[in-house]
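A short worksheet on the structure shown next.
The values are calculated or read from the model by the stated rules, or taken from the named source; none is laboratory data. Since the model is a prediction, treat every value here as computed from it, not as a measurement. We place every Cβ from the backbone using ideal geometry, glycine too, and count neighbours over all the protein chains shown.
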Amino acid sequence: MGRAEERRARQRGGRRAAPKRSSGGEAGTTAVIEAPAGGGRAAARAAAKGAKGGGKKKKTGIRRFFTWKKILGTFFGLCLLVMGAFVVLYLMIDIPKGNPDATKESNVYEFKNGDLLARTGKGTTAREIVGLDQIPPKVRMTFVAAENKSFYTDPGVDFKGMTRGLINTLSGKGKQGGSTITQQYVKNFYLTSDQTVTRKLRELVISLKLEREKSKDYILAGYINTSYYGRSASGIQAAAQAYYRKDAKELTVAEGAYLAALLQAPSQYDLAVATPTSRKLVMARWNYVLDNMVEMKQLDATKRKQMKFPKLQPPQATPDMAGQTGYLVEAANSELARQLVASGRADDREDAVALIDKGGWTIKLNIDPKKQAALEKAVKQRLTSKLDPKKRKVDAHIQAGAVSVDPKSGKVLAMYGGIDYVKHYQNNATRRDYQPASTFKPVILAAAVDGQAKTQDGDPIAANTLYDGDSRHQVLDNGTKVGFAPPNEDDVNYGDVDVQTAMNKSINSVFAQMGVDVGMEKVMEVAGKLGMDTEGMQAVPAQTLGSMGASPLEMAGIYATLDNHGKKVTPTILASATHRDGPLQMANPIGEQVITREAADTVTSVLTGVVDDGTAKISVRDNPARGGQQVAGKTGTSDENRSAWFTGYTPKLVTSVGLFGEDMSKNGKHVPMYGAAGVERVNGGGFPAQIWATYTFGVMGQKTKFDLETTQGAAVAPTESPSPSPTPSESPSPTPSKSAEASPSKSPEASPSKSPETTPEETPETTPEETPSDGDIDLPPDPKDPQTGD
């Protein structure tokens with residue numbers, strides 16, 4: 001069409017069709033675009049544009065409200081709002097006057113009857129401020145290496161860490177690391193350890209202001225002088241005296257690295273009280289600090305390799321904590337810290353310790369003054385009065401610990417922590433670094449009955465089930481040797497014996513096989529349910545010999561749960577704890593049913609046999625003060641005689657007594673107790689059982705009997721069996737085994753059918769694993785390891 005024709009068509013109001021692919025039709029179809037009459041080219045273009053965009057849909061629903069422009073606008077608006085709020089906070093918050101001691105209050109500790117036990121807190125924490133020039137330059141840098149390598153170059157605030165901390169606080173996930181030295185100093189000296197958003201924001205503002213007003217050296221000196229190092233020491237000068245008996249200016253780099261490492265967890269990293277796990281952690285932390293020093297070029301790599309861990313001085317308690325007072329206060333504080341964390345009033349143990357140290361608590365203990373005095377008297381009468389270090393060097397290494405618990409309420413009624421808190425800082429009642437040995441065997445039986453386990457031959461495991469009691473009997477798992485064959489004491493063969501006899505005589509080979517029959521995973525699971533801390537423990541057959549670490553408090557809780565018919569008992573020394581901010585809501589010491597009543601009562605039934613016809617009969621059964629009182633219990637003596645135990649109970653009282661060989665001159669090294677108090681070997685049926693009997697029969701009151709729901713009765717009478725006889729070891733040794741509960745004559749116990757008069761004082765028993773010489777508790781080799789052999 002020519003231009004003239006097009007012009008005429010427009011003039012006539014006509015229209016021109018242009019082919020265009022339809023947006024919705026098939027290929028080849030066309031859409032007609034009509035130009036309004038008289039609209040000309042502009043109208044045609046408008047019509048074409050309208051047709052082109054006609055396929056788009058209008059935004060509907062939630063998409064109308066959320067666009068990229070709106071989202072970005074909102075984000076930048078919030079940023080401006082936060083910045084504005086921060087500016088306001090920055091202008092409003094000033095650096096407060098720091099004086100922690102001015103707000104520190106006393107803690108008051110009371111006995112069960114309300115009598116005053118102790119008052120601690122204000123003025124009891126040692127602190128002496130020293131200038132940075134009194135701290136060797138390299139020692140100062142150990143704190144930088146430990147906590148904040150970028151301290152001298154950063155702005156004093158870790159914004160990433162603060163953000164993470166705020167998110168964790170708001171979401172209830174607790175505290176995580178990331179604070180700079182400046183922030184920690186602000187928290188220590190100007191604020192509190194409360195895990196709140198308000199406190200964190202104040203910490204941020206004050207840290208930024210402090211960085212502007214003070215030098216880095218000023219802040220570092222303040223941090224080192226106000227941090228808490230444990231042993232009631234705040235500040236590096238007090239810490240240097242507490243751990244090394246020297247001034248801060250005399251500290252070496254290795255010593256400074258340890259003090260810097262302590263700040264992460266002072267209540268756990270003090271080697272005088274550290275668990276085996278904590279020992280490994282603090283050593284790793286010490287190495288971490290020194291390695292960072294090398295990385296920061298503050299320490300020569302060659303000198304670093306030559307450094308050895310510094311020897312620590314034993315702790316010294318304040319005079320008002322003398323005797324058992326310090327042990328009771330320390331145990332109460334430990335329990336209070338646990339309850340604070342459990343209740344949510346503290347984020348972790350270190351925060352809880354800080355809250356307790358601040359003071360203001362009235363703490364009532366469950367300790368019964370009369371029972372406490374009776375327990376102390378029993379230890380003195382049966383043990384400490386017979387120790388004479390001048391005559392026998394080993395007598396200086398004997399430590400005793402004991403805990404007495406009410407199985408119906410979980411209350412800790414008495415506790416013996418050691419000879420004197422001022423002389424021996426470690427609480428022997430709560431320490432977990434010694435093996436419980438054969439006192440663990442009842443746990444294996446409890447797991448067997450609770451799980452309705454069977455022997456390799458398919459027989460249900462009960463008190464009258466027969467086992468091979470020969471020494472070094474190969475433990476089998478479905479007919480396959482597992483590489484574990486523990487010896488009995490003096491390699492004695494007992495032949496076929498029932499479980500009751502095996503418990504009475506503490507026959508290792510029987511319980512090693514029983515553990516595999518039950519399944520070691522099940523055994524350790526039940527141990528945890530009963531109250532043992534099984535974290536990190538391997539479920540291997542060697543654990544059947546009690547080769548893990550445990551405390552008298554822990555063992556008392558396990559046996560109290562058995563006494564309470566399988567209902568969980570968590571021993572608690574706290575009756576109440578009240579702060580000016582309000583009372584602490586205490587957790588119930590009595591929990592749920594963790595094993596069946598049949599299982600718990602069966603174990604109790606069997607353990608009455610240990611007293612009446614086993615390793616505790618001389619000290620307990622034949623005690624004239626018993627007067628017909630029914631008793632259940634178990635002895636235990638670890639390899640090389642490093643520990644000896646008796647944990648026993650009546651229906652109303654559970655008490656665990658432990659004796660430990662510890663050489664304080666060698667940093668708490670575990671040592672044998674042979675010859676102590678003039679006896680050839682310290683056995684569980686000796687001093688521990690004697691202490692138990694003297695205490696229990698002196699405070700028990702009316703005689704009681706167990707109410708047992710079990711088909712076993714009150715202990716199954718031992719079956720007749722051939723008199724045991726020593727058998728040569730598969731691998732002959734020039735010297736006999738030196739382990740558990742042998743009589744001085746080292747002759748095996750006579751057949752149960754013989755009269756008590758013809759039976760030696762104690763039954764042979766063994767726990768072959770040795771406690772490591774450095775005092776740490778290491779698990780024995782995995783029996784599946786080929787190196788252990790068959």
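Give the residues of the stretch 450-467 that are surrounded by 14 or more Cβ atoms within 10 Å (Cβ to Cβ) and in a strand (DSSP E or B), sorted by residue number.
If the condition is that a residue be surrounded by 14 or more Cβ atoms within 10 Å (Cβ to Cβ) and in a strand (DSSP E or B), then K454, L466, Y467 are the ones that fit.
Quick check on A485: is it touching an Asp or Glu at 6+ places or on another chain (Cβ under 6 Å), part of a loop (DSSP other than H, G, I, E, B), farther than 30 Å from L355 by Cβ and not hydroxyl-bearing (S, T, Y)?
Values: touching an Asp or Glu at 6+ places or on another chain (Cβ under 6 Å): no; part of a loop (DSSP other than H, G, I, E, B): yes; farther than 30 Å from L355 by Cβ: yes; not hydroxyl-bearing (S, T, Y): yes.
No: the conditions fail for A485.
Could you please give the count of residues in the stretch 350-371 that are among the β-branched types (V, I, T) and either surrounded by fewer than 18 Cβ atoms within 10 Å (Cβ to Cβ) or closer than 17 Å to L653 by Cβ (or both)?
The total comes to 2.
Out of V526, V518, V492, I need the residue that is hydrophobic (A, V, I, L, M, F, W, C) and modelled with pLDDT under 95. Which one?
Values: V526 fails: modelled with pLDDT under 95; V518 fails: modelled with pLDDT under 95.
Every option except V492 fails the conditions.
What's the total number of residues in the stretch 653-697 that are on the phi > 0 side of the Ramachandran plot, at pLDDT 95 or above and outside any helix (DSSP H, G or I)?
Counting residues in the stretch 653-697 that are on the phi > 0 side of the Ramachandran plot, at pLDDT 95 or above and outside any helix (DSSP H, G or I) gives 1.
Answer with yes or no whether Q306 is in contact (Cβ under 8 Å) with a residue 60 or more places away in the chain and not basic (K, R).
So Q306 fails the test.
Those residues that are in contact (Cβ under 8 Å) with a residue 40 or more places away in the chain and either closer than 21 Å to F646 by Cα or not assigned by TED's automatic domain parsing to the domain that holds A616 (or both), I need them from the stretch 491-506; list them, please.
In the first step, residues of the stretch 491-506 are kept if they are in contact (Cβ under 8 Å) with a residue 40 or more places away in the chain; the result is 491-501, 503-506.
V499, Q500, T501, M503, N504, K505, S506, listed by residue number.
Restricting to the stretch 594-604, name every residue that is buried (at least 22 other Cβ atoms within 10 Å of the Cβ) and either more than 35 Å from the chain's Cα centre (by Cα) or among the hydroxyl-bearing types (S, T, Y) (or both).
Applying the first criterion (buried (at least 22 other Cβ atoms within 10 Å of the Cβ)) to the stretch 594-604 yields 595, 599-604.
Hits for the stretch 594-604 are T602, T604.
Under 19 Å from T647 (Cα atoms) and either among the small types (G, A, S) or within 22 Å of the chain's Cα centre (by Cα) (or both): does that describe Q543? Quick ask: steps written out before the conclusion?
Numbers: under 19 Å from T647 (Cα atoms): yes; either among the small types (G, A, S) or within 22 Å of the chain's Cα centre (by Cα) (or both): yes.
Taking the combined requirement at face value, the residue satisfies it.
Determine which single condition I367 fails, assuming it passes every other condition in (1) assigned to a loop (DSSP other than H, G, I, E, B); (2) closer than 29 Å to A240 by Cβ; (3) at pLDDT 95 or above; (4) not basic (K, R).
(2)
Checking E709 against (1) part of a loop (DSSP other than H, G, I, E, B); (2) in contact with a Ser or Thr (Cβ under 8 Å, 6 or more places away or on another chain), which single condition isn't satisfied?
(2)
Return the only residue of V294, V205, V289 being β-branched (V, I, T) and surrounded by 22 or more Cβ atoms within 10 Å (Cβ to Cβ). Break it down into steps so the answer makes sense when it comes.
Numbers: V294 fails: surrounded by 22 or more Cβ atoms within 10 Å (Cβ to Cβ); V205 fails: surrounded by 22 or more Cβ atoms within 10 Å (Cβ to Cβ).
After ruling out the rest, the residue left standing is V289.
So, in the stretch 234-275, how many residues would count as being assigned to a helix (DSSP H, G or I), without any contact (Cβ under 8 Å) to a residue 40 or more places away in the chain and either of a type outside the set (D, E, K, R) or surrounded by 23 or more Cβ atoms within 10 Å (Cβ to Cβ) (or both)?
To start, the set of residues in the stretch 234-275 that are assigned to a helix (DSSP H, G or I) comprises 236-244, 248-250, 253-262, 266-269.
Subset that is without any contact (Cβ under 8 Å) to a residue 40 or more places away in the chain: 239-240, 250, 262, 269.
Among the residues that remain, those that are also either of a type outside the set (D, E, K, R) or surrounded by 23 or more Cβ atoms within 10 Å (Cβ to Cβ) (or both) are: 239-240, 262, 269.
So the answer is 4.
Could you please find all residues in the stretch 426-455 being of a type in the set (V, I, T) and under 21 Å from A332 (Cβ atoms)?
Matches in the stretch 426-455: T430 only.
Those residues that are touching a residue at least 40 places away in the same chain (Cβ under 8 Å) and charged (D, E, K, R), I need them from the stretch 413-444; list them, please. Before you say what the answer is, go through the steps one by one.
Taking the stretch 413-444 first, the residues touching a residue at least 40 places away in the same chain (Cβ under 8 Å) are 413-418, 420-422, 424-444.
Those that are touching a residue at least 40 places away in the same chain (Cβ under 8 Å) and charged (D, E, K, R): D420, R431, R432, D433, K441.
Got at least one residue in the stretch 552-561 being among the aromatic types (F, W, Y), touching a strand residue (DSSP E or B) at 6+ places or on another chain (Cβ under 6 Å), over 25 Å from L340 (Cβ atoms) and assigned to a helix (DSSP H, G or I)? Quick ask: steps written out before the conclusion?
Taking the stretch 552-561 as the starting set, the residues that turn out to be among the aromatic types (F, W, Y) are 559.
From what is left, the residues that are touching a strand residue (DSSP E or B) at 6+ places or on another chain (Cβ under 6 Å) are 559.
Checking the rest, the ones that are also over 25 Å from L340 (Cβ atoms) come to 559.
Retained after the next criterion (residues that are assigned to a helix (DSSP H, G or I)): 559.
The answer is yes, given that some residue of the stretch 552-561 is among the aromatic types (F, W, Y), touching a strand residue (DSSP E or B) at 6+ places or on another chain (Cβ under 6 Å), over 25 Å from L340 (Cβ atoms) and assigned to a helix (DSSP H, G or I).
In the set A317, A342, which member is closer than 16 Å to R231 by Cα and either assigned to a helix (DSSP H, G or I) or in contact (Cβ under 8 Å) with a residue 24 or more places away in the chain (or both)?
Going through A317, A342 in turn, the sole match is A317.
So which residues in the stretch 615-631 are in a loop (DSSP other than H, G, I, E, B) and within 35 Å of the chain's Cα centre (by Cα), if there are any at all? Give the steps one after another, and end with the answer.
Residues of the stretch 615-631 that are in a loop (DSSP other than H, G, I, E, B), as a first pass: 615-616, 622-631.
Answer for the stretch 615-631, where residues must be in a loop (DSSP other than H, G, I, E, B) and within 35 Å of the chain's Cα centre (by Cα): T615, A616, Q630, V631.
Conditions tested, residue by residue: (1) buried (at least 24 other Cβ atoms within 10 Å of the Cβ); (2) out of contact with any helix residue (DSSP H, G or I) (no Cβ under 8 Å at 6 or more places or on another chain).
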| position | (1), (2) |
| --- | --- |
| K567 | no, no |
| S576 | no, yes |
| D581 | no, yes |
| G614 | yes, no |
